[in-house]
Amino acid sequence: MSQPLTTSPLINLAAAMCRPVTNGHDLKAIETLCEAFLDRPRAERARAARELPRLARGTDTVLLLSAMAAVSGDLRYYDELLDVVEANIAQSGLEGLLHIHAGIGRQLFLMRMNPASRSGFFEERQFPFYRRILDEIRRRQAVVPPARRAGGADSGRVVLVTNQFLSLRHQPSRDLLSYAALLEDRCGREVVILNTNIMPTEVHSLFVPSFAASVEPTLSGDQRIEADGRTYRMLSSVEPCVSPGKIAWFLEAITALDPDAVLSLGGSCVVADLMAGARPTLCIPTTSGATLSLADIVLDFGGGAAPTHGPLARSWRPFRFLHSLAGATPRKEGSRATFGLDEGAFVCAVVGNRLDEEADGAFLTMLEALFDRVPRAVAVFTGHADALPRRLAVSPHAARLQCLGYVSDMGALLAVCDAYVNPRRTGGGASAAEALAAGAVPLSLPGGDVASVVGPRFIHPDYGAFVERLAALAADPAALAAAAAEARVQGSRRAGPTEAAADLSRYLDEAAALFRSRRSRGVIGAE
């Protein structure tokens with residue numbers, strides 16, 4: 001039973017919002033106060049949000065409405081926020097618009113909003129807002145992407161556009177290189193990577209929770225990226241967000257390269273979407289969530305149903321994302337001792353780079369219930385976490401909760417774990433694929449990337465079912481061995497490089513055909 005919500009968290013939040021907010025530190029303090037409501041019952045959260053306007057009179061509208069949304073999880077506050085922003089969009093800074101767009105997207109990605117609170121939000125508000133941002137970029141920077149010359153021969157070249165390339169420790173960056181290799185080796189294409197870094201890297205609005213993307217400062221200009229004995233050409237800019245000349249530089253590079261198609265890895269890829277209609281375009285998603293893309297063809301992450309309406313109804317195509325270990329440390333034969341684990345323990349692995357947000361109170365309560373049932377059970381957390389170790393330290397089972405931080409050889413760790421236990425989240429597909437290959441029995445709630453990868457056999461309705469399943473596996477070595485074998489079989493059924501290459505080649509041909517059809521009808525430019 002949750003304790004009644006006292007007035008102090010709400011009063012403290014309102015007081016922080018009424019003080020001058022001058023930097024990211026101030027916004028972070030407000031964000032932390034908003035997070036105090038995440039584990040509260042929905043009705044209490046709704047009441048707190050309704051009280052905020054009275055307690056925080058005079059607060060900036062974006063700050064107030066985004067805080068009300070964060071406190072309640074109610075998407076209707078984003079409706080109100082976007083009404084306000086769009087009414088003044090011509091006078092708003094592009095960086096601020098992108099900051100709000102990224103903040104809303106992150107809240108949805110982290111599953112912090114209640115989708116039932118506002119049906120159709122993606123189709124009716126989020127996607128149109130993104131379109132309006134693109135329109136503002138075109139208008140203010142006089143962006144007119146030149147269409148490909150009619151009648152010219154194919155170049156055999158494609159550009160692969162990303163919003164963010166960081167390093168080989170960054171899974172999406174490894175995935176990008178994996179797709180570049182796939183396109184070159186199995187699809188017969190020459191690939192040039194465009195690392196656009198369009199996402200805001202600083203605070204440009206009073207939206208909370210705030211968002212700032214990371215940038216690798218050494219990746220600037222015409223680069224050569226090496227991984228697994230291969231070299232990839234990358235054009236990269238570390239100029240801030242959408243600074244003058246940055247987008248023009250990338251569009252000029254596309255014109256000079258004359259690719260047969262523009263591919264984007266992930267949604268909200270501004271440079272790629274500005275090319276929609278001017279060249280054949282295709283989007284490869286990086287998550288199971290709805291993908292914001294204007295591409296001719298938008299691929300599925302894996303296992304999703306075709307949308308029956310909305311902006312992706314025509315462009316969506318079935319696909320299964322190919323998770324990559326490109327650039328990862330080769331898997332070694334490890335031992336439990338290597339990771340400080342007892343041989344007799346029942347080891348549950350929890351993997352992620354947003355563990356502070358995703359390993360929330362409900363998830364830790366589930367693990368503690370498991371520990372009460374299974375005395376030899378332990379949990380190891382691997383991935384970035386700042387606040388999580390402090391939260392684990394105050395648990396009555398602190399000795400059985402271990403943070404390992406970044407682990408370079410994830411396969412070696414998962415191979416000595418009994419289970420891969422996934423918190424409620426959207427991401428995690430790559431680590432789930434590694435868990436299947438290692439025979440660590442996965443447990444996932446419905447929805448999200450992990451559920452898409454592991455399949456229905458390993459999906460459970462709630463955390464109570466997690467406890468029952470894990471306790472049963474810990475008590476029965478034969479059942480555990482059978483489940484591990486089933487996990488390996490499921491892993492072998494994932495789309496391999498051959499299948500992914502065949503799909504990509506087919507969809508690239510289709511995108512080219514759609515472009516030719518538009519040209520024959522005299523329709524050039526974004527439809």
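Any idea of the accessible area per residue across the chain, 1.4 Å probe, to the nearest Å²? Can you show the working numbers first?
Numbers: 22030 Å² over 527 residues.
Ligands and nucleic acids excluded, the figure is 42 Å² per residue.
At a threshold of 8 angstrom on Cα-Cα distance, excluding pairs fewer than six apart, so keeping six or more, what relative contact order does segment 9-141 reach in percent?
Value for segment 9-141: 22 percent.
Tell me whether the chain comes out rounded, prolate or oblate; compute the Cα gyration tensor, take square roots of the eigenvalues as a ≥ b ≥ c, and use a/c under 1.5 as the rounded threshold.
It is oblate, given that a/c is not under 1.5 and a/b is not larger than b/c.
Taking a probe of 1.4 angstrom, what is the accessible area of Arg54 in Å², to the nearest 10?
Counting only protein heavy atoms, the figure is 120 Å².
Output ³J(HN,Hα) for segment 58-67: one whole-Hz value per residue in order, computed from phi by the Karplus curve 6.51 cos²θ - 1.76 cosθ + 1.60 with θ = phi - 60°, and x for Gly and Pro.
For segment 58-67, the Karplus curve yields x, 5, 3, 4, 5, 4, 5, 5, 5, 5 Hz.
Counting helices only, and only those DSSP H runs with n ≥ 4, report the 222 nm mean residue ellipticity of the chain as the sum of -39,500 (n - 2.57) divided by its residues, in deg cm²/dmol to the nearest 500.
That comes out to -13000 deg cm²/dmol.
Go through 156-168, 509-521, 107-119 and give me the packing order, highest mean Cβ count within 10 Å leading. Walk me through the numbers on the way to the answer.
Details: 156-168: 20.8, 509-521: 14.7, 107-119: 16.3.
Result, highest mean first: 156-168, 107-119, 509-521.
Using a 1.4 Å probe over the heavy atoms of the protein chains, calculate the carbon and sulfur portion of the accessible area of segment 421-461 as a whole percent.
59 percent
Name the shape class, rounded, prolate or oblate, that the alpha-carbon gyration tensor gives for segment 350-461, where a ≥ b ≥ c are the square roots of its eigenvalues, rounded holds for a/c under 1.5, and otherwise prolate holds if a/b is larger than b/c and oblate otherwise.
Rounded shape, in that the Cα axes give a/c under 1.5.
Give me, ordered by chain and number, the residues 5 or more places off Leu166 or on other chains with an amide H under 5 Å from its own placed amide H.
Those lying under 5 Å, H to H, from Leu166 are Ser173.
On the accessible surface of segment 9-141, probed at 1.4 Å, how many percent belong to carbon and sulfur atoms?
50 percent
Within segment 341-371, list the residues whose amide N lies under 12 Å from a label point set 7 Å along Cα→Cβ of Ala387.
Within reach of a label on Ala387, which here means backbone N under 12 Å from a point 7 Å along Cα→Cβ, segment 341-371 contributes 355-361.
Quick query: amide H of Arg186 versus all other amide H atoms, modeled in the peptide plane; which residues come in under 5 Å with a sequence gap of 5 or more or a different chain?
none
On the protein heavy atoms, probe 1.4 angstrom, tell me the percent of accessible surface of segment 204-351 carried by carbon and sulfur.
52 percent
The values are calculated or read from the model by the stated rules, or taken from the named source; none is laboratory data. Since the model is a prediction, treat every value here as computed from it, not as a measurement. Reconstructed Cβ throughout: ideal geometry from the backbone, glycine too, with neighbour counts over all protein chains shown. The area values use the complete protein model at the heavy-atom level, side chains included, leaving out ligands, DNA and RNA. Shrake-Rupley method; radii C 1.70, N 1.55, O 1.52, S 1.80 Å.
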